[in-house]
Amino acid sequence: MVSPKFEIEYTDQEVTAWGGMRLMKEVLERSGVSEQLKGLPLPVPGSNRGFDPRLIVESFFLNVWMGCDRMAHTEVLRHDTTLKSLFGWVQTPCSSTYSRFFNKFSMGLNQEVFPRIQKDFFAKLVLKKVTLDIDSSVITRYGTQEGAKRGYNPHKPGRNSHHPLMAFIADVRMVANAWMRSGNTGASTRAEDFLEETFEILGQERVGLLRADSGFCSEKMMGFFEKKQVSYIVAARFHGGVREAVCQGRWVKLKDGVQVFETPHAFSQKGKARRLIVVRKEIDKLPKSTGKQLEIWNDQYEDQRYRYSAYYTNLELPIESVWLLYRDRGDAENRIKELKYDFGVDGFNFKSFWATEACFRFILVAYNLMSLFRQCVYQSKHQSHLSTLRFKCFALGAWISNHAGKKTLKISLNPKRHRWLDGLFAKADGLAPPFINR
């Protein structure tokens, strides 16, 4: 089959590939974040010809939503005249301007700016009681950035990394708080200080349940949760004492292939006895089940028959309820993956540690704004990733026409989808706090 031949012509019509980003312009403004940026002590340019700090941050959000994960990628926005006009910008920063801006952040400035942004944002959400998931991740670094140290790195052993600590609100799939940390820190390093700031952001009375993996299983951390009078479920480490408890457990069938038991158990010899729940799943009946295989029975067949999970908790709920409540914590891992793959959280970094943290935490603000869009504007039954939303909502060819003094955004779209997109614009235009999770 012979391919048809086409003549090539050029036009000076200014067209953007991102006409759907007008939706995020409304979310940015109507969420109150755009207005709040005016009152924050953001670094100011050294020249009177420099960019407004608010414009720098907002255009950085837009770059992240478009898929940039390196400062060099931000040049795409600089050359998109139509998209800049859509947001009311005459010009946007170059990559070196962003770098100078982030390099002006310090530890003190980060602690002053980001809790204020998060606290104001979550004050606009209708959240009576929330489930808070704390987790850490590993971001591999390939340069000589400050804080990039050798530590736990399962995918790139021996490589330098950063080890951020994050708190997710499971109910609305948003990030409550996040700190960047050196790569040689443990999972729970400075976790108490981090949670103090997180409780200040959300209001401790709103935290109905706190869930954490085994990296936060220690006498110190559980004592901290109890001091704060927070309900918690923490995955237990299978050290010698827990293994012994497993061997002595009186198992009760919960359902086909799942058995459970509970017992008071102290994490350490001088520790307080707490409720320990152990779950084991038969691999033959539940081959995709999660958990850890243990060599405890001196019987190879018996050892390979089960996967085990164990949890410390101060809840008084039935065993099955505790198990099911913790099982949903795995969604935090999905949030981390999305931040890495769709939001470039592991791509933007600087020589300065505090610049890297500032950039990292601004990306998480951009993530929360996108989550707000998903829940209050897009309103799909399924949690669409940003990569999907780019394809469906944002990557729409468009141009601006100016006729009789009236500007019109013209979007190239199949007529069958006009009503659907009109509905999104209507929801975005009507967005106003308090925001309700739908």
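Here is how the numbers come out for the structure above:
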{"read-out": "Test: residue in the range 310-326 that is surrounded by 14 or more Cβ atoms within 10 Å (Cβ to Cβ) and farther than 20 Å from G208 by Cα", "value": "yes"}
{"read-out": "Residue satisfying condition, being surrounded by 13 or more Cβ atoms within 10 Å (Cβ to Cβ) and under 20 Å from F121 (Cα atoms), within set R390, R361", "value": "R361"}
{"read-out": "Condition check for F348: at pLDDT 95 or above, more than 23 Å from E226 (Cβ to Cβ) and not in a helix (DSSP H, G or I)", "value": "no"}
{"read-out": "Test: residue in the range 371-378 that is at pLDDT below 95 and not in a helix (DSSP H, G or I)", "value": "no"}
{"read-out": "Strands (runs of 3 or more DSSP E) fully within the range 134-252 counting 3 or more residues that are under 20 Å from the mean Cα position of the chain (by Cα) and surrounded by 17 or more Cβ atoms within 10 Å (Cβ to Cβ)", "value": "165-169, 174-179, 207-212"}
{"read-out": "Filtered residue count, the range 312-322, keeping only those that are touching a Ser or Thr at 6+ places or on another chain (Cβ under 8 Å) and in a helix (DSSP H, G or I)", "value": "1"}
{"read-out": "Residue in the range 289-311 that is part of a strand (DSSP E or B), modelled with pLDDT under 95 and more than 19 Å from I233 (Cβ to Cβ) present", "value": "yes"}
{"read-out": "Given (1) modelled with pLDDT under 95; (2) in contact with a His (Cβ under 9 Å, 6 or more places away or on another chain); (3) among the hydrophobic types (A, V, I, L, M, F, W, C), number of the condition L276 does not satisfy", "value": "(1)"}
{"read-out": "Qualifying residue in the range 416-427 (condition: in a loop (DSSP other than H, G, I, E, B) and more than 24 Å from A178 (Cα to Cα))", "value": "no"}
{"read-out": "Any pair with Cβ under 7 angstrom, 6 or more apart, that starts in the range 17-30 at a residue that is basic (K, R) and ends at one that is assigned to a helix (DSSP H, G or I)", "value": "R22/L86; K25/L86"}
{"read-out": "Total residues in the range 105-133, condition assigned to a strand (DSSP E or B), over 26 Å from E58 (Cα atoms) and more than 15 Å from the chain's Cα centre (by Cα)", "value": "1"}
{"read-out": "Residue in the range 66-97 that is farthest from F362 (Cα to Cα), counting only those that are touching a Ser or Thr at 6+ places or on another chain (Cβ under 6 Å) and touching a residue at least 24 places away in the same chain (Cβ under 8 Å)", "value": "T82"}
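Conditions tested, residue by residue: (1) part of a loop (DSSP other than H, G, I, E, B); (2) touching a Leu at 6+ places or on another chain (Cβ under 6 Å); (3) not assigned by TED's automatic domain parsing to the domain that holds N414.
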{"site": "V2", "(1), (2), (3)": "yes, no, yes"}
{"site": "E29", "(1), (2), (3)": "no, no, no"}
{"site": "G46", "(1), (2), (3)": "yes, no, no"}
{"site": "R54", "(1), (2), (3)": "no, yes, no"}
{"site": "F60", "(1), (2), (3)": "no, no, no"}
{"site": "G88", "(1), (2), (3)": "yes, no, no"}
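The values are calculated or read from the model by the stated rules, or taken from the named source; none is laboratory data. Everything numeric here is computed off the predicted structure, so don't read it as measured data. When we count neighbours, we look across all protein chains shown, and the Cβ atoms used for this are built from the backbone with ideal geometry, even at glycine.
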